[in-house]
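Taken together, the values in this text are just the output of simple stated rules run on the coordinates, not laboratory data. The model shown is predicted, which means the values in this text are computed figures rather than measured ones. Cβ placement follows ideal geometry from the backbone for every residue including glycine, while neighbour counts extend to all protein chains displayed.
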Number of protein chains: 2
Amino acid sequence: MTEEGVNGLSLAEVARRLGVTPPSLYKYFPSLLSVYDALYARAARAHLDVMRAAMDESEPGLRALEAGLMASGHWCIEHRARAQLLFWRPVPSFEPSPDAFAPSVEMMELNRKGLADAVAAGELGPDGATDEAIYLVSIMIAGTLSQAMANEPDLPWGDGRFSPLFPKLMALLPAAYPPDGKPTRRSRRGQSGG
Amino acid sequence: MTEEGVNGLSLAEVARRLGVTPPSLYKYFPSLLSVYDALYARAARAHLDVMRAAMDESEPGLRALEAGLMASGHWCIEHRARAQLLFWRPVPSFEPSPDAFAPSVEMMELNRKGLADAVAAGELGPDGATDEAIYLVSIMIAGTLSQAMANEPDLPWGDGRFSPLFPKLMALLPAAYPPDGKPTRRSRRGQSGG
DNA sequence: GTCTATAGCCTGATAGAC
DNA sequence: GTCTATCAGGCTATAGAC
């Protein structure tokens, strides 16, 4: 998948690299799509574990949320092809089974919890715990990743022009959902007047 | 490309739908990759024209920039497969020729000009005209698009959970590059200062 | 659980008649 | 500028021997 595109996975090539013949694979997987499903399931699980571990190591709230998403970005860049399988839809005929998809649902819950904790800690206003805020955050990480993967496919997370900007984006969240409940844009001069 | 993925384009299928036989296509294109290149060139040109027209109709600065990027988003959602060909890299063996790529360079210049105008108009601080700001904006539009395309592939621009959030993201730019030159909120004196 | 053999499809590309 | 015929190869998947 890394070399030929996610779509380029073929059982024949898998067999070739395993040193077996294609029919042997059918003892383990009933079809090519079932191989994609197994890849999806394992990748989703690995990605979720990495993200949760990073969040658990930081204090709940924006710091944990950012740590989790940074770890997510790191994993995605390190496993580009699998990340594409998870988050883009490069194989139109493939849709993950409910079992394989389960970790993805759990991941959304992690984000939701991170935002809710941030609201509870007073880092964000009450709107910071809405679905809209989740979508906003998902746009930020997805944008950083897609730009990094498309334009700097060989650079690790943390290098290059895009991934270092992610913390800067996260730092804008309090401007979008101000803790004092003031309306969005560049809420008055405040904050700095100490 | 829409039906089978960008990678799924085949000369045989093109010929089939044109009502001719595959060898006939070789009178017009020397190879499959040259077909991709022609598709890329036309799409890049069409996308650039749409974006520039939208920017020309708005007053220079943040309004024009947002109008241009909104038009870009609209075009990308309306022409998903072509947008993927332009902005993701779904066909590893294909790289656009310099001629085909030229409009993409011009597009970056449009963004640069939009930000420079915004700084000149006092909408953003001087940092708003840096390369970093361009990358930040590109992350915003790329994130909105990739989330919309991956999760709501059948909804038009303006509908759904993601594309309506793009203006909200653009509205955060003045918080990232404050016009009065003040450092980004809560970056200097810290959150305890206020 | 591996293999050979094969069916039945697809592809990109070329040669050469008309 | 279209066609027929063809090459040379790819692929998924199955049947059945060992």
* Shortest-first distances to equivalent copies, position B:V20, nm, label 7 Å out along Cβ -> 4.6
* Could you give, in nm with one decimal, how far A:G122 is from each other copy of that position, shortest first, with labels 7 Å out from Cα toward Cβ? -> 3.6
* Structure fact -> Taking region A:39-174, the equivalent ellipsoid from its C-alpha gyration tensor has semi-axes in Å, biggest first, of 24, 18, 13
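If each DSSP helix of 4+ residues adds -39,500 (n - 2.57) and the sum is divided by the residues in chain B, what number results at 222 nm, nearest 500 deg cm²/dmol?
Details: 9 runs with 115 residues, N = 194.
The helix contribution divided over chain B gives -18500 deg cm²/dmol.
Mind checking the mean number of beta-carbon atoms from other chains within 10 Å of the Cβ atoms in A:87-93?
Details: counts 4, 6, 6, 7, 4, 9, 4.
Per residue, the number of nearby Cβ atoms from other chains is 6 on average.
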* Structure fact -> One decimal, nm, nearest first: from B:P153 to the same residue in each other copy, label points 7 Å out along Cα→Cβ, the values are 2.0
* region A:61-118: Rg to Rh, with Rh as the Kirkwood radius over Cα pairs -> 1.04
